[in-house]
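Participant: The structure follows.
The values are calculated or read from the model by the stated rules, or taken from the named source; none is laboratory data. Since the model is a prediction, treat every value here as computed from it, not as a measurement. Neighbour counts run over all protein chains shown; Cβ positions are idealised from the backbone, glycine included. All accessible areas refer to the heavy atoms of the entire protein, side chains included, with ligands and DNA or RNA removed. Shrake-Rupley method; radii C 1.70, N 1.55, O 1.52, S 1.80 Å.
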Amino acid sequence: MKSLLLASISTPLPLPAQEILWTNFKTSNPAALSSNGGRTVRRTSTLNAWCHASANTYTRSTSGKYYFEILVEDGIGNAGHALGVAPVNTSVTSGNAGTSGRIQYHAGGRTRINGVYSTYGDSYTTGDVIGLGYDFDLRTLRAYKNGVDQGIMYSGGAIPLSAMVPYWSAYYSVCESTFVNNIEFLPPGYSVWN
């Protein structure tokens with residue numbers, strides 16, 4: 001009995017699965033390619049250009065807390081990398097992705113909300129896992145870098161937090177981001193955004 005109890009204590013719990021895919025993406029030539037079953041979007045060129053992508057799922061709830069994670073794989077070279085959320089029908093064909101209700105955590109450690117930059121949290125780079133968490137009850141959006149809470153990124157205001165999708169933007173020659181298979185840093189009280 002004692003050995004069975006010790007075995008169950010030392011066995012790590014499985015990480016929660018994340019089932020979000022990039023389904024809507026656009027870049028300047030050459031076009032972005034989706035791989036890894038739709039979890040990864042990548043553009044490779046010798047020239048810098050905008051890359052944008054949105055996901056296949058949106059928040060349908062009006063209460064509770066939801067969270068997703070993205071692995072930053074490339075596209076940090078000029079700090080023109082931003083991860084966040086945007087209204088469901090936001091175009092992925094525009095240039096600078098900071099307008100049209102987009103709320104993003106920029107690689108330089110700033111927020112970009114409706115095209116306006118503000119000082120925010122730590123900068124991030126290739127290899128970092130960036131998480132975003134909605135709290136519908138408090139009407140807040142928080143960003144996390146490798147599990148470390150960067151604070152409230154957005155609170156209430158004119159941009160509704162319902163019917164939003166994960167959204168990625170980068171301006172560089174090689175751009176790549178991946179939805180992780182399993183959530184690594186799920187904050188207490190949050191559910192996986194699926």
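Participant: So VAL165 clears everything in (1) modelled with pLDDT under 90; (2) open to solvent by 20 Å² or more (accessible area, probe 1.4 Å); (3) of a type in the set (Val, Ile, Thr) except one condition, right? Which one?
Facilitator: Going through the list (1) modelled with pLDDT under 90; (2) open to solvent by 20 Å² or more (accessible area, probe 1.4 Å); (3) of a type in the set (Val, Ile, Thr), VAL165 breaks only (2).
Participant: Taking SER173 and the conditions (1) in a strand (DSSP E or B); (2) at pLDDT 75 or above; (3) surrounded by fewer than 22 Cβ atoms within 10 Å (Cβ to Cβ), which numbered condition does it fall short on, given that it satisfies the others?
Facilitator: The single condition SER173 does not satisfy is (2).
Participant: Also, quick follow-up: Which residues, taken from the stretch 95-130, are open to solvent by 60 Å² or more (accessible area, probe 1.4 Å), part of a loop (DSSP other than H, G, I, E, B) and at pLDDT 90 or above?
Facilitator: Initially, the stretch 95-130 is screened for residues open to solvent by 60 Å² or more (accessible area, probe 1.4 Å), giving 96, 99-100, 110, 114, 116-117, 119, 122-123, 125-126.
Subsequent filtering for residues that are part of a loop (DSSP other than H, G, I, E, B) retains 96, 99-100, 114, 122-123, 125-126.
Passing the criteria: ASP122, SER123.
Participant: I've got another one for you. Scan the stretch 49-91 residue by residue and report those that are aromatic (Phe, Trp, Tyr) and at pLDDT 75 or above.
Facilitator: TYR66, TYR67, PHE68
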